[in-house]
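See below for the structure under consideration.
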Amino acid sequence: MFDQIRRDVKVIFERDPAARSLIEIIFCYPGFHALFFYRLSHWLWRHNFLFPGRFVSHIGRFFTGIEIHPGAKIGGGFFIDHGMGVVIGETTEIGENCTIYQGVTLGGINLKKDKRHPILQDNIIVGAGVKILGPITIGSNSRIGAGSVVVNEVPPNSTVVGVPGRVVYTGDITVDKIVQIDWKYIPDPVAKAIQCMLERIAHLEKEIRGLKE
């Protein structure tokens, strides 16, 4: 348990430039508190203490504004920045070294009692307000732009933006680049498509003028 807490603190120092001291993290970071409640509730859930597990997770939600179902599976190096409004469903699986921001929902789209929530592989960053819905897999080293709604599989090393989410870039991305992202440089696929159409229209107009002459 203490090894996990030390890793949680280290991750916060690495990924949040606002973190200035250990005592600040322990008392003022809801993402840190949410993981503490999650680990306790998850232990209870795995040992078939279902109601106590749900109750502990509910207490964590009350104090942090972050709802993590005790049945979810979360790997090490997980960081929730700010965190208010985050919802992580029962059958969600999160790999190593993932980061999510406030307002993120990892939710389901059906009422069946089976796998209905997403899988996030390793080294993924999910921007504020993102909704990832259904039993889909987000490949390792991917980035999901703020406000996106993702309902389809995402291959590894991808950048996704939009509603519905579209892959706008695929290529090798290092862990350092995932942790430090300048979101304003993520391309807009709709704007790119419109630009291509305008260029094509200008080319056709030029051809028509030539034919008239």
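The values are calculated or read from the model by the stated rules, or taken from the named source; none is laboratory data. Please read these numbers as outputs of a predicted model, since none were measured by experiment. Every residue, glycine as well, gets a Cβ built from its backbone with ideal geometry; the counts of neighbours run over all protein chains shown.
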Exercise for review: Take F36 and decide whether it is under 21 Å from G107 (Cα atoms), hydrophobic (A, V, I, L, M, F, W, C) and in contact with a helix residue (DSSP H, G or I) (Cβ under 9 Å, 6 or more places away or on another chain).
Suggested key: no
Selection from the range 10-33 of residues of a type in the set (G, A, S) and either touching a helix residue (DSSP H, G or I) at 6+ places or on another chain (Cβ under 6 Å) or at positive phi (or both) yields A19
Only one of I125, I100 is in contact with a Ser or Thr (Cβ under 7 Å, 6 or more places away or on another chain) and of a type in the set (V, I, T), namely I125
Subset of the range 73-112, residues assigned to a loop (DSSP other than H, G, I, E, B), in contact with a Leu (Cβ under 8 Å, 6 or more places away or on another chain) and touching a residue at least 40 places away in the same chain (Cβ under 8 Å), comes to F78, G95, I109
Within the range 5-38, the count of residues that are basic (K, R) and under 19 Å from the mean Cα position of the chain (by Cα) comes to 1
Check: Quick check: anything in the range 52-67 among the aromatic types (F, W, Y), in a helix (DSSP H, G or I) and within 15 Å of A34 (Cβ to Cβ)?
Finding: yes
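Within the range 43-72, count every residue that is charged (D, E, K, R) and exposed (fewer than 15 other Cβ atoms within 10 Å of the Cβ).
1
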Taking the range 29-65 and keeping residues within 16 Å of C98 (Cα to Cα), of a type in the set (A, V, I, L, M, F, W, C) and in contact with a Gly (Cβ under 7 Å, 6 or more places away or on another chain) leaves A34
Is it the case that the range 79-92 has a residue that's more than 23 Å from Q4 (Cβ to Cβ), in contact with an Asp or Glu (Cβ under 9 Å, 6 or more places away or on another chain) and either surrounded by fewer than 19 Cβ atoms within 10 Å (Cβ to Cβ) or at pLDDT below 90 (or both)? yes
Going through the range 1-42 in order, the residues found to be surrounded by 14 or more Cβ atoms within 10 Å (Cβ to Cβ), without any contact (Cβ under 8 Å) to a residue 60 or more places away in the chain and assigned to a loop (DSSP other than H, G, I, E, B) are A19, Y29
Exactly one of R116, R54 is over 18 Å from the mean Cα position of the chain (by Cα) and among the charged types (D, E, K, R), and that one is R54
